[in-house]
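Colleague: Shown below is the structure under consideration.
The values are calculated or read from the model by the stated rules, or taken from the named source; none is laboratory data. Computed from a predicted structure; not experimentally measured. Ideal geometry is used to build each Cβ from the backbone, glycine not excepted, and the neighbour counts take in all protein chains shown. All accessible areas refer to the heavy atoms of the entire protein, side chains included, with ligands and DNA or RNA removed. Shrake-Rupley method; radii C 1.70, N 1.55, O 1.52, S 1.80 Å.
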Amino acid sequence: MIPVAEHFISINGEGTKAGELAFFVRFRCCNLCCSYCDTRWACTDDAPAEMMSAEEIASLVRESGIVNVTLTGGEPLLQKELPELVELLISDGRRVEIETNGSIDISPLAKSKSRPSFTLDYKLPSSGMEKHMLTGNYEYLTESDTVKFVSGSITDLERAKSIIDRYSLTEKCHVYISPVFGRIQPAEIVEFMKSARMNNVRLQLQLHKFIWDPMKKGV
């Protein structure tokens, strides 16, 4: 059984499908604790959750009529039943994206027949979690995947550029930089991108935080 903290239909607030409808499934529990986490309420082992089977979740998605499915958290890759759920969703014709914090091996799912797309965070210095990043995951990235850098300072941006260049990320996958909401202005990121000539990197703003209250659940 899988602990589901919430499930809902909304638009994707970021990434390659930003603005498109998606069925979101948020799982309980995370192995990291980022300084700017906006879903901390779902990240503990005892956070409120409904225990559901993979088939029950797939049935909800099926009944929704929504094609895009975003599996998020918490940290989805902590769920042992995740491969079963992904296989069910993809066999139903769903486009499955897993949002993961970048600290857990993606290779089992990345090499599976029912392969989802991945959005990996790289936790920059201001997160306090950079030491946990598993850059070996970059070996398994494809053009359907994304690496996201949530940046709260110029130091973060400098580190992001270093990682992008070191691992040639723009040649492997989509690359996005997002501001830590309220800590850095998007214009500062644009100016840095210009000065550093960061070709094939995209600034993204979290749409849901502009449409609704930044801390609102279920959106």
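Colleague: Please calculate how many Å² of accessible area the chain carries per residue, with a 1.4 Å probe and no DNA, RNA or ligand atoms counted. Could the numbers behind the result be given before it?
Modeller: Working: 10280 Å² over 219 residues.
On a per-residue basis, 47 Å².
Colleague: Another question, if that's okay. At a threshold of 8 angstrom on Cα-Cα distance, excluding pairs fewer than six apart, so keeping six or more, what relative contact order does the stretch 81-219 reach in percent?
Modeller: Working: 187 pairs, mean separation 24.4, N = 139.
Rounded, it is 18 percent for the stretch 81-219.
Colleague: What order, most packed first, do the peptides 31-42, 1-12, 148-159 have when packing is the mean number of other Cβ atoms within 10 Å of each residue?
Modeller: Numbers: 31-42: 15.8, 1-12: 17.4, 148-159: 19.7.
Order by mean packing, descending: 148-159, 1-12, 31-42.
Colleague: Also: Before anything else, pin down the relative contact order of the stretch 1-64: Cα pairs under 8 Å, at least 6 apart, normalised by residue count, whole percent.
Modeller: After rounding, I find 38 percent.
Colleague: Leaving ligands, DNA and RNA out of it, report the carbon-plus-sulfur percent of the accessible area of the stretch 135-219 at a 1.4 Å probe.
Modeller: Values: 2260 of 4620 Å².
Carbon and sulfur: 49 percent of the exposed surface of the stretch 135-219.
Colleague: For the stretch 134-204, what does the alpha-carbon gyration tensor say about shape, rounded, prolate or oblate, given a ≥ b ≥ c as the root eigenvalues, a/c under 1.5 as rounded, and a/b over b/c as prolate? If you can, show how the numbers build up before the last one.
Modeller: On the way: a/c = 1.90, a/b = 1.74, b/c = 1.10.
Since a/c reaches 1.5 and a/b is larger than b/c, the shape of the stretch 134-204 is classed as prolate.
Colleague: Using only DSSP helix segments of four residues or longer, with each worth -39500 (n - 2.57), what per-residue ellipticity at 222 nm results for the chain after dividing by its residue count and rounding to 500? Walk me through the numbers on the way to the answer.
Modeller: Numbers: 6 runs with 53 residues, N = 219.
Theoretical 222 nm ellipticity from helices: -7000 deg cm²/dmol.
Colleague: Moving on to the next point. Can you send over the solvent-accessible area of E130, 1.4 Å probe, protein chains only, in Å² to the nearest 10?
Modeller: Only protein atoms counted, so the area is about 40 Å².
Colleague: Also, I was wondering about something else. Taking θ as phi - 60°, what are the ³J(HN,Hα) couplings along the stretch 139-156 by the Karplus curve (6.51, -1.76, 1.60), each to the nearest whole Hz, with x for Gly and Pro?
Modeller: So the Karplus estimates, Gly and Pro as x, are 5, 9, 6, 10, 5, 8, 9, 9, 10, 10, 10, 8, 10, x, 6, 5, 4, 4 Hz.
Colleague: Identify which of G65, G15, G136 has the largest mean-square fluctuation in a Gaussian network model of the chain, with springs joining Cα atoms closer than 10 Å.
Modeller: G65
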